[in-house]
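Here's the structure, in structure tokens; my notes come after.
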Amino acid sequence: MRTPSLRAEPAVREHGGMLSLDVLLPDPQVASALPEDRRTLVRYLRDYLASGIVREPPQLHTSHKQLRVDERREPIGQVSWKWSELSGKYVGCPFWSTEALRVVVGLDERWPGRTPKRVCERVSKGYFLESIQHESVFPRLEWVARLHSLVGTEAVPSEAELEALLDRFSVGCVLTRAQVDELATRASNADNPWLRLQGTSIRLLPNSSWTPSQQASIRDAGLLEER
């Protein structure tokens, strides 16, 4: 049996040239600001978990859409949402299904001359028979409820522990809308959130930026195409 490859470059060429490579790469300015924004979000979230006090949300460098906290938006949900999109909602997101990429590349061939970001935004709006969506791997409402249960308790994780938890549970993946529908009734798995995708049509485009832990979890869920 062939071993699934984690090298992104061959898969990128196979799925349509430079556009498919570009969607995996965050904007250089975004990439340079990621470490600071990650620290900012972790500190803000831990402060809320420990105190229960809703403070003015911090400003981030990586997005024009800042955190908003009001009567409809609370800190845990806002941080979880923003964490999953820090490197990019579409372009720059490290997790793409191969089918979502085929949809984007197909539109690029019919609508040339646009940037990858513009193409992704267009194909996410539902104007076409096929579209894409940034979907939470672990159901976000369930993750938010888990954190809410910790507010003001002695079980609040440290900043390092919280960062690891966010990396595990606040992960987004670009899928087709049909693939998102496949996940609608599938149960979550806290031991390996990627197991929620197991047994579906979803296969992921390998990306060398994945951490060893992410690679192992995705492999265990059988989400890599054999080459």
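Any read-out appearing in this document is the output of simple, stated calculations on the displayed coordinates, not a laboratory observation. Source: prediction; values computed, not measured. Cβ: placed from backbone, ideal geometry, glycine included. Neighbour counts: every protein chain shown.
Using a Gaussian network for the chain with springs between C-alpha atoms less than 10 Å apart, which of these wobbles most: Leu166, Leu150, Leu41?
Of the options given, Leu150 has the highest mean-square fluctuation.
For the chain, with the dipole built from +1 on Lys and Arg beta-carbon atoms and -1 on Asp and Glu ones, taken about the Cα centre, which of Phe169, Pro193, Pro206 lies farthest toward the positive end?
Towards the positive end, the residue furthest out is Pro206.
Residue by residue through segment 104-111, which ³J(HN,Hα) values in whole Hz follow from phi under the Karplus form 6.51 cos²θ - 1.76 cosθ + 1.60 (θ = phi - 60°), with glycine and proline marked x?
Each residue of segment 104-111 in turn: 5, 5, x, 5, 4, 5, 8, 9 Hz.
Taking segment 115-172, which trypsin sites (Lys or Arg not before Pro) meet the DSSP loop condition and have no more than 10 other C-beta atoms within 10 Å? Please list the in-between numbers first.
Values: sites: Lys117, Arg118, Arg122, Lys125, Arg140, Arg146, Arg168; in loops: Lys125.
Taking segment 115-172 and a limit of 10 other Cβ atoms within 10 Å, the loop trypsin sites (Lys or Arg not before Pro) found are Lys125.
Enumerate the amide H contacts of Trp96 below 5 Å, restricted to partners 5 or more residues apart or on another chain; note that Pro and chain-start residues carry no placed amide H.
Val174, Leu205
Out of residues 5 or more away from Leu224 or on other chains, whose amide H comes under 5 Å of its own, with H placed 1.01 Å from N in the peptide plane?
Leu204
Can you list the GluC sites (Glu not before Pro) in segment 40-132 that are in a DSSP coil and have 10 or fewer other beta carbons within 10 angstrom? Could you put the intermediate results ahead of the total?
Details: sites: Glu71, Glu85, Glu99, Glu109, Glu121, Glu130; in loops: Glu71, Glu85, Glu130.
For GluC sites (Glu not before Pro) across segment 40-132 that sit outside H, G, I, E and B with at most 10 neighbouring Cβ atoms in 10 Å, the list reads Glu71.
Could you give me the radius of gyration and the Dmax of segment 8-220, taking only the C-alpha atoms into account and expressing both in angstrom?
In Å, with Rg to one decimal and Dmax whole: 17.5, 56.
Determine one quarter of the surface area of the Cα convex hull of segment 36-162, which equals its mean projected area, and express it in nm² to one decimal. List each step's numbers first, then the result.
On the way: hull surface 36.8 nm².
Averaged projected hull area, Cα only: 9.2 nm².
Can you work out ³J(HN,Hα) from phi for every residue in segment 132-142, in order, using Karplus 6.51 cos²θ - 1.76 cosθ + 1.60 and θ = phi - 60°, giving whole Hz and x for Gly and Pro?
Karplus values, whole Hz, x for Gly and Pro: 10, 8, 7, 10, 5, 5, 9, x, 5, 5, 5.
Placing unit charges on C-beta atoms (Lys and Arg positive, Asp and Glu negative, everything else neutral), compute the dipole magnitude of the chain about its Cα centre in debye, rounded to 20.
Details: 30 positive and 30 negative charges, 90 e Å.
That gives a dipole near 440 debye.
P(r) for segment 163-227: what percent of alpha-carbon pairs falls in each 5 Å bin, starting at zero?
Reading upward from the zero bin: 3, 16, 28, 30, 17, 6, 0.
Pick from Asp70, Asp27, Asp37: which is most flexible by mean-square fluctuation in a GNM of the chain where alpha carbon atoms under 10 Å apart are linked?
Asp70
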